């Protein structure tokens, strides 16, 4: 179920959180690519935290109505990189790492709020903020193209033909998992739920559900 199925109060909390998490994720890709020598994202105005430059309208609509969506991929011209394999890995991992960083920051504020009591109003937004960022990081670490986790595979699989097949069939497998999830066969949710619940408990000290 998409965001549309939630109450208005939950949507008011969730939509800005998702927009910021996606924007920061894509910004991290762009920033690391720039630091490693590729200015493509810089010239396409992707090195900022303006959601309008990172959010794909159709991807966001899919997220709102179906529960799965996407942002605009950050363009990277590999020939500008000194070590293509390793640098592409670093650029890819920057996205999930940025979301884990946001989750950690959110958890620090959450724990401070628990101990020194800032405001009850922070509880739900912080919980959602931490959940969304962990979820986005874990989802993108799944080693299926076009997710960021697919960039891990060349570090272990050296056969170009095998990598080509994984890249070719990755989107089909991912789409199949998403469709199964939408029709009530939650294989993808189960893959994500356990690491999500473990990391969330580790950061906040409370169970996810």
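The values are calculated or read from the model by the stated rules, or taken from the named source; none is laboratory data. Keep in mind it's a predicted model, so treat the numbers as computed, not measured. Please note: Cβ atoms are built from the backbone with ideal geometry, for glycine as well, and neighbour counts cover all protein chains shown.
Tally the residues that are part of a loop (DSSP other than H, G, I, E, B) and out of contact with any helix residue (DSSP H, G or I) (no Cβ under 7 Å at 6 or more places or on another chain), restricting the search to segment 1-38.
Within segment 1-38, residues that are part of a loop (DSSP other than H, G, I, E, B) and out of contact with any helix residue (DSSP H, G or I) (no Cβ under 7 Å at 6 or more places or on another chain) number 2.
(1) farther than 25 Å from residue 87 by Cα; (2) in contact with a helix residue (DSSP H, G or I) (Cβ under 8 Å, 6 or more places away or on another chain); (3) modelled with pLDDT under 90; (4) surrounded by 12 or more Cβ atoms within 10 Å (Cβ to Cβ): which one isn't true of residue 178, the others all being true?
Every listed condition holds for residue 178 apart from (3).
Looking only at segment 61-99, count how many residues are in contact with a helix residue (DSSP H, G or I) (Cβ under 8 Å, 6 or more places away or on another chain), without any contact (Cβ under 8 Å) to a residue 40 or more places away in the chain and under 24 Å from residue 189 (Cα atoms).
Result for segment 61-99: 2.
So, in segment 19-54, how many residues would count as being closer than 14 Å to residue 125 by Cα and either at pLDDT below 95 or in contact with a strand residue (DSSP E or B) (Cβ under 8 Å, 6 or more places away or on another chain) (or both)?
Of the residues in segment 19-54, 1 are closer than 14 Å to residue 125 by Cα and either at pLDDT below 95 or in contact with a strand residue (DSSP E or B) (Cβ under 8 Å, 6 or more places away or on another chain) (or both).
Among the residues that make up segment 59-66, is at least one of them under 17 Å from residue 99 (Cβ atoms) and either at pLDDT 95 or above or surrounded by fewer than 18 Cβ atoms within 10 Å (Cβ to Cβ) (or both)?
Yes, because at least one residue in segment 59-66 is under 17 Å from residue 99 (Cβ atoms) and either at pLDDT 95 or above or surrounded by fewer than 18 Cβ atoms within 10 Å (Cβ to Cβ) (or both).
Considering only segment 108-127, I want to know if a residue exists there that is under 19 Å from residue 189 (Cα atoms), buried (at least 16 other Cβ atoms within 10 Å of the Cβ) and at pLDDT 95 or above.
No, because not a single residue in segment 108-127 is under 19 Å from residue 189 (Cα atoms), buried (at least 16 other Cβ atoms within 10 Å of the Cβ) and at pLDDT 95 or above.
Yes or no, residue by residue, for (1) loosely packed, with under 15 Cβ neighbours inside 10 Å; (2) more than 18 Å from residue 148 (Cα to Cα):
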{"site": "14", "(1), (2)": "no, yes"}
{"site": "24", "(1), (2)": "no, no"}
{"site": "28", "(1), (2)": "no, no"}
{"site": "47", "(1), (2)": "no, yes"}
{"site": "68", "(1), (2)": "no, no"}
{"site": "75", "(1), (2)": "yes, no"}
{"site": "81", "(1), (2)": "no, no"}
{"site": "84", "(1), (2)": "yes, no"}
